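Step one of this worksheet: look at the structure below.
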């Protein structure tokens with residue numbers, strides 16, 4: 001396989017892995033909200049796993065493609081990152097809106113951690129069974145890595161990320177309301193975090209966790225790091 005076709009295959013794997021991470025993340029938000037009494041996401045058709053219902057022009061298309069192009073033409077080993085269109089939530093349906101938003105906020109990152117755990121378990125079982133298909137382990141490693149990146153990034157306690165919903169529950173009411181008001185600047189805040197290099201810190205942490213989870217043999221077989 002030539003270098004160009006190898007790069008293309010890795011790009012396809014990365015995009016598929018990204019979609020498998022961000023779509024369940026958003027569906028989990030909507031599902032937990034629905035279980036707590038909010039029908040907004042269900043009425044909007046956002047409890048579906050159909051990718052078309054969740055794609056965001058910037059987070060699902062522009063940013064991942066930009067990262068792939070930068071990686072292709074500069075050789076910088078960037079992790080493909082992105083997000084899906086946020087699921088609509090109306091916390092006033094909840095018995096306790098602030099506590100309800102904590103559970104909704106935790107649902108997305110928890111789902112990503114479960115995906116990472118499941119992919120790790122599948123890969124380790126296949127290794128024990130003696131399977132050594134490189135591209136399968138490459139895809140599973142990307143799935144673990146991207147899941148952890150999305151989980152860790154979303155747990156940062158800044159709007160509009162899920163961590164801010166968790167943080168808000170523990171703040172005085174005045175600060176909670178200020179935190180909510182900041183969500184209208186969500187895209188700008190995320191862009192600032194990316195420019196400040198905070199994503200690099202998250203990626204390094206996610207890579208360290210991924211290597212610990214999958215082990216040296218799997219990492220070597222995937223070809224991502226060596």
For this session: Give the residues of the range 161-175 that are surrounded by fewer than 18 Cβ atoms within 10 Å (Cβ to Cβ) and under 14 Å from residue 100 (Cα atoms), sorted by residue number.
Result: 169, 170
For this session: Of all residues in the range 5-24, count the ones that are in contact (Cβ under 8 Å) with a residue 60 or more places away in the chain and either under 14 Å from residue 69 (Cβ atoms) or in contact with a strand residue (DSSP E or B) (Cβ under 6 Å, 6 or more places away or on another chain) (or both).
Result: 5
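Residues in the range 35-58 that are in a helix (DSSP H, G or I) and either surrounded by 20 or more Cβ atoms within 10 Å (Cβ to Cβ) or in contact with a strand residue (DSSP E or B) (Cβ under 7 Å, 6 or more places away or on another chain) (or both): how many? Working first, answer last.
Keep residues of the range 35-58 that are in a helix (DSSP H, G or I), which gives 35, 40-43, 51-53, 57-58.
This time we only want the ones that are either surrounded by 20 or more Cβ atoms within 10 Å (Cβ to Cβ) or in contact with a strand residue (DSSP E or B) (Cβ under 7 Å, 6 or more places away or on another chain) (or both), so: 41.
Selection size over the range 35-58: 1.
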For this session: Kindly indicate whether residue 70 is modelled with pLDDT under 90, in a helix (DSSP H, G or I) and surrounded by fewer than 13 Cβ atoms within 10 Å (Cβ to Cβ).
Result: yes
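Quick one: which residue in 186, 168, 123 is part of a helix (DSSP H, G or I) and at pLDDT 95 or above? It would help to see each step written out before you state the result.
Values: 186 fails: at pLDDT 95 or above; 168 fails: at pLDDT 95 or above.
Unique residue meeting the criteria: 123.
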Problem set entry | Criterion (closer than 26 Å to residue 134 by Cβ and in contact with a helix residue (DSSP H, G or I) (Cβ under 7 Å, 6 or more places away or on another chain)) met by exactly one of 22, 16 | 22
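What is the residue count in the range 200-226 for residues that are out of contact with any helix residue (DSSP H, G or I) (no Cβ under 8 Å at 6 or more places or on another chain), modelled with pLDDT under 95 and under 20 Å from residue 81 (Cβ atoms)? Full working, then the answer.
Of all residues in the range 200-226, those out of contact with any helix residue (DSSP H, G or I) (no Cβ under 8 Å at 6 or more places or on another chain) come to 200-201, 204, 208, 212, 216, 220.
Restricting the remaining residues to those that are modelled with pLDDT under 95 gives 200-201, 204, 216, 220.
Cutting the leftovers down to under 20 Å from residue 81 (Cβ atoms) gives us 200-201, 204.
Going through the range 200-226 one residue at a time, the tally reaches 3.
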Seminar exercise, completed: Among 149, 158, 87, 144, the single one that is at negative phi, outside any helix (DSSP H, G or I), buried (at least 23 other Cβ atoms within 10 Å of the Cβ) and touching a helix residue (DSSP H, G or I) at 6+ places or on another chain (Cβ under 7 Å) is 87
Seminar exercise, completed: Of (1) under 14 Å from the mean Cα position of the chain (by Cα); (2) modelled with pLDDT under 95; (3) part of a helix (DSSP H, G or I), residue 27 fails just (2)
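Please determine whether any residue of the range 98-116 is free of Cβ contacts under 8 Å to residues at least 40 places away in the same chain, within 28 Å of residue 39 (Cβ to Cβ), surrounded by 19 or more Cβ atoms within 10 Å (Cβ to Cβ) and in contact with a helix residue (DSSP H, G or I) (Cβ under 8 Å, 6 or more places away or on another chain). Outline the logic, then answer.
Of the residues in the range 98-116, the ones free of Cβ contacts under 8 Å to residues at least 40 places away in the same chain are 113-114.
Still in the list and also within 28 Å of residue 39 (Cβ to Cβ): 113-114.
Those still in the list that are surrounded by 19 or more Cβ atoms within 10 Å (Cβ to Cβ) too: none.
Scanning the range 98-116 turns up no residue that is free of Cβ contacts under 8 Å to residues at least 40 places away in the same chain, within 28 Å of residue 39 (Cβ to Cβ), surrounded by 19 or more Cβ atoms within 10 Å (Cβ to Cβ) and in contact with a helix residue (DSSP H, G or I) (Cβ under 8 Å, 6 or more places away or on another chain).
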Seminar exercise, completed: Only one of 218, 225 is farther than 30 Å from residue 34 by Cα, in a helix (DSSP H, G or I) and either out of contact with any strand residue (DSSP E or B) (no Cβ under 6 Å at 6 or more places or on another chain) or touching a residue at least 60 places away in the same chain (Cβ under 8 Å) (or both), namely 218
Exercise. Within the set of pairs 6+ apart or on separate chains, which have a first residue in the range 188-214 that is crowded, with 18+ Cβ neighbours inside 10 Å, a second that is at pLDDT below 80, and C-beta atoms under 7 Å apart?
Worked result: 199/81; 203/79
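The values are calculated or read from the model by the stated rules, or taken from the named source; none is laboratory data. This structure is a prediction, so every number in the text was calculated from the model and none was measured. Positions of Cβ are backbone-derived with ideal geometry, glycine not excepted, and every protein chain shown enters the neighbour counts.
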